[in-house]
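*Asks:* Handing you a structure now.
The values are calculated or read from the model by the stated rules, or taken from the named source; none is laboratory data. Values in this document were obtained by computation on a predicted structure and should not be read as measured data. Reconstructed Cβ throughout: ideal geometry from the backbone, glycine too, with neighbour counts over all protein chains shown.
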Amino acid sequence: MLGVGMVIIQPETEKVVLCYDSRRKHYFFPKGRKDAGEAMETAVLREAYEEVREEGTGMPDEQSYTSHLFSFEEAFQKLDVDSQKILRYAWFLFQETTQYDKMFVQ
């Protein structure tokens, strides 16, 4: 069974999406399992939708999940060390892409 995960950064606000598990009391990036026969890209989009939407999926293991928007600094402080490394790299790529778009894309 393969899993998928993602770092979601809203371009307009530069806010980072984190999920919070109130049962385990920790923040994490949206993630989940890839269904059999499902393309990775499709699984990422589906999991993002399932874990971030307000009404939730009703899945028993996701009943305690809520999604939140944070600045980079706020999100960084809420994550464990491994997730902080992932966020730092994703943030770097986001900043580079944003600068490129401003310079070359009109």
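*Asks:* Checking Gly58 against (1) modelled with pLDDT of 90 or more; (2) not in a helix (DSSP H, G or I): exactly one of these is not met. Which one?
*Replies:* Looking at each condition in turn, Gly58 falls short on (1).
*Asks:* Now for a separate question. Could you list, in sequence order, the residues of region 67-99 that are closer than 25 Å to Ser22 by Cα and of a type in the set (Val, Ile, Thr)?
*Replies:* Those that are closer than 25 Å to Ser22 by Cα and of a type in the set (Val, Ile, Thr): Val81, Ile86.
*Asks:* Under the condition of being small (Gly, Ala, Ser) and exposed (fewer than 14 other Cβ atoms within 10 Å of the Cβ), which residue from region 22-41 is nearest to Met6 (Cα to Cα)?
*Replies:* Step one: list which residues in region 22-41 are small (Gly, Ala, Ser), which gives 22, 32, 36-37, 39.
Keeping just the survivors that are exposed (fewer than 14 other Cβ atoms within 10 Å of the Cβ) gives 22, 36-37, 39.
On the way: Ser22: 20, Ala36: 19, Gly37: 20, Ala39: 15 Å.
Only one residue fits best here, namely Ala39.
*Asks:* Only strands (runs of 3 or more DSSP E) wholly contained in region 1-48 count here; list those with 1 or more residues that are at pLDDT 95 or above and not basic (Lys, Arg).
*Replies:* On the way: elements: 3-5, 8-10, 15-21, 26-28, 31-33.
Qualifying strands (runs of 3 or more DSSP E): 8-10, 15-21, 26-28.
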